[in-house]
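Novice: The structure follows.
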């Protein structure tokens, strides 16, 4: 059981740190509780789409120069989606070492320091401490939302370039080798966005598999 003067003794503080919402009737007077869900900032959205645009230009330049590989044409739809899965896994693994530079690390460290400082107070948390934890929690939630958008843009841009260079285009792969409904470089963008959108769920799945089942 946590000590009475620590952070764990205050349900409101624990809720602020974890991002859950406590009913107002159960909150301590004056306690600010911030929900975990936050919208990404405009800068992160612009950065995400900017990265996709850079990837699109790169894919177009590869196609324009004739450096693209021959089209990969799986035999059936199952082969197409299996290729997409392998593609997404490769992009996710390539980006993993660079995730430390994505938004959110500084905000998480600041929240950890704030919670540690509050827990170390002998007299227990003050209203200012509770407010500081709530503010830090909100910043972490916003930073995570920003990181998700930027990571999506980065993965999609990289996958677009890889699609154009490697010759895998999802629409052409599904429709058949003779289909020319859209330009190949446009298909590379579509493929890149599909792959980029699948890297986060795949990353979460890989992380859970590596960490093993949760403790009971």
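Throughout, read-outs are computed from the coordinates displayed, never taken from laboratory work. Keep in mind that this is a model prediction, so the values were computed, not measured. Ideal geometry is used to build each Cβ from the backbone, glycine not excepted, and the neighbour counts take in all protein chains shown.
Novice: Compare the peptides 81-93, 63-75 by average per-residue count of other Cβ atoms within 10 angstrom and give them in order, highest first.
Specialist: Top of the packing list down: 81-93, 63-75.
Novice: Oh, and also: Obtain the nm distance between the two label points defined at residue 72 and residue 108 by a simple spin-label model: each point lies 7 Å from its Cα along the Cα-to-C-beta direction.
Specialist: Output for this residue pair reads 3.0 nm.
Novice: Now for a separate question. Calculate, in nm to one decimal, what residue 128 and residue 197 gain on full extension: separation in residues at 0.36 nm each, minus their alpha carbon distance.
Specialist: Taking 0.36 nm per residue and subtracting the Cα distance, the gain is 20.8 nm.
Novice: Moving to a separate point now. Going by average Cβ density within 10 Å per residue, which order do the peptides 38-46, 176-184, 160-168 take, highest to lowest? Don't jump to the answer; show the numbers that get you there.
Specialist: Details: 38-46: 15.3, 176-184: 11.0, 160-168: 23.2.
Top to bottom by mean Cβ count within 10 Å: 160-168, 38-46, 176-184.
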